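S.K.: Sharing a structure, written as structure tokens. Questions coming.
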Amino acid sequence: MDLPAEIRRAMVAHATFCLPDEACGLLAADASGLFRLAYCLSNATPSPSAYTLEPAEHFRALRHTESLGWHLAGVFHSHPGGPGVPSPTDVAQALEPDWLYVVVSLEDRTAPEVRGFWIRGGAVFEEPLVD
């Protein structure tokens, strides 16, 4: 799946900015499914091991996305000191089966890892991300 370099850079920058806590945000796609924008949101429950999208910001992102004729197509968050795979908590909290779940790992701060996953019914499937 295509993930534009500028979106990848925005997610990594947001994850770095939010250290030591997890960062989070939403991904918007156009009608063809192309990712167009990353909304870098506040973590309503700042923690190095959990995130909650700030509800008012989530709603504003949804309204903005819809005003452009796009849709929310994914969510991203960071693992400040862990691997770039969904944790059991991430899997349990994955409520949107049609969204891509992106994990930004800062385990190696010199080479951040950005990986995408589909999470459906508790099953996790990696989706390779390319620029």
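The values are calculated or read from the model by the stated rules, or taken from the named source; none is laboratory data. From a predicted model like this one, the values you see are computed outputs, not experimental measurements. Cβ coordinates were reconstructed from backbone atoms using ideal geometry, including for glycine residues, and neighbour counts include every protein chain displayed. With ligands, DNA and RNA removed, areas are computed over all heavy atoms of the protein, side chains included. Shrake-Rupley method; radii C 1.70, N 1.55, O 1.52, S 1.80 Å.
S.K.: Can you report the number of residues in the range 20-37 which are within 14 Å of the chain's Cα centre (by Cα), under 14 Å from Leu68 (Cβ atoms) and either among the small types (Gly, Ala, Ser) or open to solvent by 20 Å² or more (accessible area, probe 1.4 Å) (or both)?
M.R.: Residues flagged as within 14 Å of the chain's Cα centre (by Cα), under 14 Å from Leu68 (Cβ atoms) and either among the small types (Gly, Ala, Ser) or open to solvent by 20 Å² or more (accessible area, probe 1.4 Å) (or both) within the range 20-37 amount to 4.
S.K.: Looking at Glu96, Glu66, Glu54, which is the one that is touching a strand residue (DSSP E or B) at 6+ places or on another chain (Cβ under 8 Å) and more than 21 Å from Trp118 (Cα to Cα)?
M.R.: Glu54
S.K.: Filter the range 45-61 down to the residues that are within 15 Å of the chain's Cα centre (by Cα), open to solvent by less than 50 Å² (accessible area, probe 1.4 Å) and not charged (D, E, K, R) and list them by number.
M.R.: Matches in the range 45-61: Ala50, Tyr51, Leu53, Ala61.
S.K.: Could you tell me which residue of the range 69-109 is most open to solvent (accessible area, probe 1.4 Å), considering only residues that are in contact with a Ser or Thr (Cβ under 7 Å, 6 or more places away or on another chain) and over 17 Å from Phe125 (Cβ atoms)?
M.R.: His71
S.K.: With respect to Phe125, is the statement that it is assigned to a strand (DSSP E or B), farther than 15 Å from Pro48 by Cβ and open to solvent by less than 20 Å² (accessible area, probe 1.4 Å) true?
M.R.: no
S.K.: Residue under question is Ser42, and the condition is that it be among the hydroxyl-bearing types (Ser, Thr, Tyr) and loosely packed, with under 15 Cβ neighbours inside 10 Å; does it hold?
M.R.: Considered against the rule, which asks whether it is among the hydroxyl-bearing types (Ser, Thr, Tyr) and loosely packed, with under 15 Cβ neighbours inside 10 Å, Ser42 comes out as no.
S.K.: Still on this model: Return the total of residues in the range 79-131 being more than 18 Å from Ala5 (Cβ to Cβ) and small (Gly, Ala, Ser).
M.R.: Here the count works out to 8.
S.K.: Right, another one. What number of residues in the range 18-65 are among the acidic types (Asp, Glu) and free of Cβ contacts under 8 Å to residues at least 24 places away in the same chain?
M.R.: 2
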